[in-house]
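For reference, the structure discussed in these notes is given below.
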Amino acid sequence: MEHKDIEELIVDYLDGELDEEGKKQLLHWCNESEENRKRLREWEELWASAVTRGQLDGYDWRKAYDKFAGRVADQDTSSNRRPHLYKWVAGIAASLLVLFTATYVSYQKGQKDLATDFSDIFITTPEGSNTSVTLPDGTSVVLNAGSKLSYSQGFGIKDRTVSITGEGYFTVAKDSRKPFTVTSGSMRVKVLGTKFNYRDYPTDGFAEVVLDEGKVNITDFPGQRQGVTLIPHQRAALDKRLGKLTVSNVDPAIRHTWTDGVLSFTGQSLGVIALTLERSYHVTITFADDAKRNLHFYGDFYRDSQSVREVMDALSATGKISYKIKGREIVIY
């Protein structure tokens, strides 16, 4: 496929004029090489930087593209840049991935899986890694292992709603006209511009929101009579079994260390710790003695530099448990 043809297909898509044949051609281009697929994710960030988010309603995408292409061409005069605009376009084409079904991109660290269809974008973080992503409105999200984030193609234009399964740390771009909303299987959080941690793994018995900055409103949880508003350094925890939401204060000095690859255990039960280790190291943990699930442990571990065996050695050094490991299967007794 000619370079110019791809550029035209890209513009047609952004202008909402890409037909089915064009979508097939772009899908074929995506599947031609790993380099094409890896460069797709970078598109969104550079393309977004060329547009003022407050002007998206009724935006002339074709005019914006012409302006953007000219800017990139100017940058290309550097001897360190590749000579043709197409290679820059290929490097910033992540937003186009919303076109494709069953297309995904693997990264060395984070290995992002973007399963896509024509209505929603899905970003999946495999077990054993974290993923950082910037949404079209400039909001940044760090997804913990085994988490999934989804949002519609109209995100940032009509509304700013995302759905999450698992855990994510959000730094939300401010937009007073379009509140940012996060939903999960347990509750809904609505914000304007803030920083907060949202956790709701299906395998956990609880869901929680911890607010660092700004203000959030929590609704749509079991047993709700009215919404709950959090202020900075508060935690809302939902007991899924009882359908009870409780709010407590948290120490401002406590950071969400998982975003830096640190597994911090502050008295959690071994049953909960085991779930975290399964997601973080892509292993399976079973208990030969279920009573061990209720033991509690403290400690910090560094996923990138400490193996799961080292973590298990530290836990067993307390004398409370023993374990056996074979491949990716661990038995605690």
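The values are calculated or read from the model by the stated rules, or taken from the named source; none is laboratory data. These numbers were taken from a predicted model, which means no experiment stands behind them. Here the Cβ is made from the backbone with ideal geometry for all residues, glycine too, and neighbour counts use every protein chain on show.
Points to keep in mind about this one:
- A Cβ distance below 6 Å, combined with a sequence gap of six or more or placement on separate chains, defines the contacts here; from region 278-294, residues that are surrounded by 12 or more Cβ atoms within 10 Å (Cβ to Cβ) reach residues that are part of a helix (DSSP H, G or I) in the pairs Tyr281/Val308; Val283/Val308; Ile285/Ala274; Ile285/Glu278; Phe287/Arg293; Lys292/Leu270; Arg293/Leu270; Arg293/Gly271.
- Evaluating Thr181 against the criteria (1) closer than 19 Å to Glu213 by Cα; (2) more than 16 Å from the chain's Cα centre (by Cα) leaves one unmet condition, (2).
- Just one of (1) touching a strand residue (DSSP E or B) at 6+ places or on another chain (Cβ under 8 Å); (2) farther than 19 Å from Ala145 by Cβ fails for Asp251. It is (1).
- Lone unmet requirement of (1) touching a Phe, Trp or Tyr at 6+ places or on another chain (Cβ under 9 Å); (2) closer than 27 Å to Thr194 by Cβ; (3) not in a strand (DSSP E or B) for Arg255: (1)
- Restricted to region 286-332, the set of strands (runs of 3 or more DSSP E) holding at least 1 residues that are aliphatic (A, V, I, L, M) and at negative phi comprises 323-326, 329-332.
- Residue within region 244-260 that is in contact (Cβ under 8 Å) with a residue 24 or more places away in the chain and in contact with a helix residue (DSSP H, G or I) (Cβ under 8 Å, 6 or more places away or on another chain) present: no
- The residues of region 248-277 that are farther than 23 Å from Ile330 by Cβ and either among the basic types (Lys, Arg) or surrounded by 15 or more Cβ atoms within 10 Å (Cβ to Cβ) (or both), listed by number, are Arg255, His256, Thr259.
- Selected residue (only one of Thr284, Thr219 is outside the structural domain of Val191 (by TED's automatic domain parsing) and among the hydroxyl-bearing types (Ser, Thr, Tyr)): Thr284
- Just so you know, in region 149-166 the residues that are modelled with pLDDT under 90 and not in a loop (DSSP other than H, G, I, E, B) include one that is surrounded by the fewest Cβ atoms within 10 Å (Cβ to Cβ), and it is Asp159.
- From the options Gly146, Gly223, residue that is within 28 Å of Ser280 (Cα to Cα) and not in a strand (DSSP E or B): Gly146
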